[in-house]
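Down below is the structure, laid out as structure tokens.
The values are calculated or read from the model by the stated rules, or taken from the named source; none is laboratory data. These numbers were taken from a predicted model, which means no experiment stands behind them. As a convention, Cβ positions derive from the backbone with ideal geometry for all residues, glycine included, and neighbour counts pool all protein chains shown.
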Amino acid sequence: MPKFAQKNFWDEPPPNVAEFWAFRSRPDCKKGDLLEFYFGAKKVAEAKVAMIEAKIAMIEAKGCSKCEHSGKFLNHWKVFWLSESFKDLRE
């Protein structure tokens, strides 16, 4: 996980907002796969993929997701997970 994302990683999302990671190229996962989150070499959390959203360039702009904090990542692939499946593995 990039350093810039680690600071806010543990913040709860606003109600009715799904969490996602954005990728420039198509991610190598599918719905139901396990996501593993690492700080450096240490695994700190995991969650199951709930949905994958294609780049905005590949679909209509209406309904595409962006980052709640920055408004960025419209032109990225997005991998979403449900908060119910998220497991904090910190010791």
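Return yes or no: is Ala54 surrounded by fewer than 12 Cβ atoms within 10 Å (Cβ to Cβ) and not hydroxyl-bearing (Ser, Thr, Tyr)? First the steps, then the outcome.
Values: surrounded by fewer than 12 Cβ atoms within 10 Å (Cβ to Cβ): no; not hydroxyl-bearing (Ser, Thr, Tyr): yes.
So Ala54 fails the test.
May I ask you to list pairs of residues, at least six apart or on different chains, whose Cβ atoms are under 9 Å apart, with the first in the range 1-27 being among the basic types (Lys, Arg) and the second being part of a loop (DSSP other than H, G, I, E, B)?
Arg24/Lys55; Arg24/Asn75; Arg24/His76; Arg26/Ala54; Arg26/Lys55
I'd like the full set of residues that are surrounded by 10 or more Cβ atoms within 10 Å (Cβ to Cβ) and either in contact (Cβ under 8 Å) with a residue 40 or more places away in the chain or of a type in the set (Asp, Glu) (or both), limited to the range 28-51.
Scanning the range 28-51 gives Cys29, Asp33, Leu35, Glu36, Lys43, Val44, Ala45, Glu46, Ala47.
Please work out if Phe20 is at pLDDT 90 or above and within 12 Å of the chain's Cα centre (by Cα).
So Phe20 fails the test.
If Ser70 satisfies every condition in (1) of a type in the set (Ser, Thr, Tyr); (2) modelled with pLDDT under 85; (3) over 15 Å from Ala22 (Cα atoms) but one, which is the exception?
Every condition holds for Ser70 apart from (3).
Is it the case that the range 26-39 has a residue that's within 13 Å of the chain's Cα centre (by Cα), modelled with pLDDT under 90 and assigned to a strand (DSSP E or B)?
No; the residues of the range 26-39 include none that is within 13 Å of the chain's Cα centre (by Cα), modelled with pLDDT under 90 and assigned to a strand (DSSP E or B).
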